[in-house]
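A.B. asks: Sharing a structure below in structure tokens format, with a few things to ask.
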Amino acid sequence: MDQTRVLSIFLSVARTRSFTHAAQAVGLTPPAVSRAIAQLEAHLGVRLVNRSTRKVSLTDEGARLFELADAGLRLLDEAMDQTRYSKHEVAGVIRLAASNSFGSRQLIPLIKRFQAHYPDVVFDVLLEDQLTDMITAKIDVGFRSGNEPAESLIARLLAPIRMEICASPDYLREHGTPRNVDELLRHRCTGYRHPGTGRIMPWSLQIDGELVHQDVPAVITLNQVESELRAIRDGIGIGQMPDYMIAEDLAAGTIVTLLDELATHHSGLYIYYAQRKQLPVRVRRFIDFVMSEVEAGWLQGDRVKLVVEG
């Protein structure tokens with residue numbers, strides 16, 4: 001039995017909880033994946049997975065094997081990378097995760113600057129608006145806005161985020177400018193539906209010194225932040241956006257802020273990574289580079305500023 005190959009198949013099943021999805025990931029048929037798992041179970045003398053017509057779950061022994069084998073193969077991947085790139089001081093693959101908006105606006109320019117110093121480092125970037133499972137996706141470093149990530153991760157605050165109420169000048173000329181919360185709630189507004197939960201997110205407002213989560217009636221609701229920004233820019237309604245999303249529009253005058261006294265700073269932009277005793281050199285260099293960029297002004301003060309390459 002090729003133990004490394006069979007363990008790789010098992011790890012794919014454990015991550016996806018599906019023989020079909022695992023088969024697609026490893027380039028086999030579902031029956032071949034099932035036979036490989038049965039072979040591994042026979043070799044170990046224990047049942048590793050519970051099979052049903054709807055899903056696959058791990059037994060206690062399977063969960064333990066997944067924990068140990070996944071860590072072991074990660075070390076093997078790292079050893080292979082270090083051997084492959086032994087001629088270079090900093091080289092190899094860094095896997096990143098971020099939201100779509102941050103990835104396109106902030107992360108891509110950052111990667112360009114980093115690769116100017118370390119051209120032998122390549123990046124595998126996963127952009128999605130819901131929180132990525134770092135273990136399953138084998139992510140080295142993540143970037144997220146919102147609250148501090150889970151305690152199982154090392155998280156460092158890069159900058160606070162100011163949630164701005166904003167609209168296009170054309171919208172305000174046609175519909176007028178609200179002067180307070182009551183008038184705001186009578187205006188046409190945009191809404192954001194969380195892609196993971198399907199919940200329409202309330203607006204975060206600073207009212208009388210307190211943080212208030214306010215449900216706002218929306219004339220259009222979207223589950224993608226860039227699309228909501230487009231709706232605001234096109235004059236469909238008033239919206240609430242993180243400041244780094246609208247920095248370019250503010251500079252161009254296509255969007256303006258209003259009711260600044262209601263803006264909040266309750267969330268932040270974080271970099272996070274797994275709690276590992278020895279990070280690969282390239283990952284440590286990248287994290288240090290990010291923090292040095294912050295100190296140099298990449299993210300200015302209490303407003304996240306868009307870096308425009310040119």
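The values are calculated or read from the model by the stated rules, or taken from the named source; none is laboratory data. No experiment lies behind these values; they were computed from the predicted model shown. So basically every Cβ, Gly included, is an ideal-geometry build from the backbone, and we count neighbours across all protein chains shown.
A.B. asks: Pick out, from segment 205-278, the strands (runs of 3 or more DSSP E) lying fully within it that include 2 or more residues that are of a type in the set (Ser, Thr, Tyr) and in the same structural domain as Ala137 (by TED's automatic domain parsing). It would help to see each step written out before you state the result.
C.D. replies: Numbers: elements: 210-214, 220-222, 239-242, 256-258, 264-274.
Strands (runs of 3 or more DSSP E) meeting the threshold: 264-274.
A.B. asks: Would you mind finding the one in Gly191, Gly198 that is within 26 Å of the chain's Cα centre (by Cα), part of a loop (DSSP other than H, G, I, E, B), free of Cβ contacts under 8 Å to residues at least 60 places away in the same chain and over 16 Å from Asp260 (Cα atoms)?
C.D. replies: Working: Gly191 fails: part of a loop (DSSP other than H, G, I, E, B).
Going through Gly191, Gly198 in turn, just one is within 26 Å of the chain's Cα centre (by Cα), part of a loop (DSSP other than H, G, I, E, B), free of Cβ contacts under 8 Å to residues at least 60 places away in the same chain and over 16 Å from Asp260 (Cα atoms): Gly198.
A.B. asks: Checking the conditions here, which among Leu185, Leu211 is without any contact (Cβ under 8 Å) to a residue 60 or more places away in the chain, in contact with a His (Cβ under 7 Å, 6 or more places away or on another chain) and surrounded by fewer than 19 Cβ atoms within 10 Å (Cβ to Cβ)?
C.D. replies: Details: Leu185 fails: in contact with a His (Cβ under 7 Å, 6 or more places away or on another chain).
Criteria check complete, one pass: Leu211.
A.B. asks: Which residues, taken from segment 7-39, are part of a helix (DSSP H, G or I), free of Cβ contacts under 8 Å to residues at least 24 places away in the same chain and of a type outside the set (S, T, N, Q)?
C.D. replies: Those that are part of a helix (DSSP H, G or I), free of Cβ contacts under 8 Å to residues at least 24 places away in the same chain and of a type outside the set (S, T, N, Q): His21, Ala22, Ala23, Ala25, Val26, Pro30, Pro31, Ala32, Arg35, Ala38.
A.B. asks: Looking at segment 245-273, which of its residues are farther than 26 Å from Glu183 by Cα and surrounded by 17 or more Cβ atoms within 10 Å (Cβ to Cβ)?
C.D. replies: Keep residues of segment 245-273 that are farther than 26 Å from Glu183 by Cα, which gives 248, 251-252, 268-273.
If the condition is that a residue be farther than 26 Å from Glu183 by Cα and surrounded by 17 or more Cβ atoms within 10 Å (Cβ to Cβ), then Gly268, Leu269, Tyr270, Ile271, Tyr272, Tyr273 are the ones that fit.
A.B. asks: Given the criteria outside any loop (DSSP other than H, G, I, E, B), at pLDDT below 80 and out of contact with any strand residue (DSSP E or B) (no Cβ under 7 Å at 6 or more places or on another chain), does Asp77 qualify? Before you say what the answer is, go through the steps one by one.
C.D. replies: Values: outside any loop (DSSP other than H, G, I, E, B): yes; at pLDDT below 80: yes; out of contact with any strand residue (DSSP E or B) (no Cβ under 7 Å at 6 or more places or on another chain): yes.
Taking the combined requirement at face value, the residue satisfies it.
A.B. asks: Out of the residues in segment 44-74 that are within 18 Å of Phe19 (Cβ to Cβ) and either in contact with a Cys (Cβ under 9 Å, 6 or more places away or on another chain) or assigned to a loop (DSSP other than H, G, I, E, B) (or both), which is modelled with the lowest pLDDT?
C.D. replies: By that ranking, first place goes to Thr53.
A.B. asks: Tally up the residues in segment 178-189 that are modelled with pLDDT of 95 or more and β-branched (Val, Ile, Thr), please.
C.D. replies: 0
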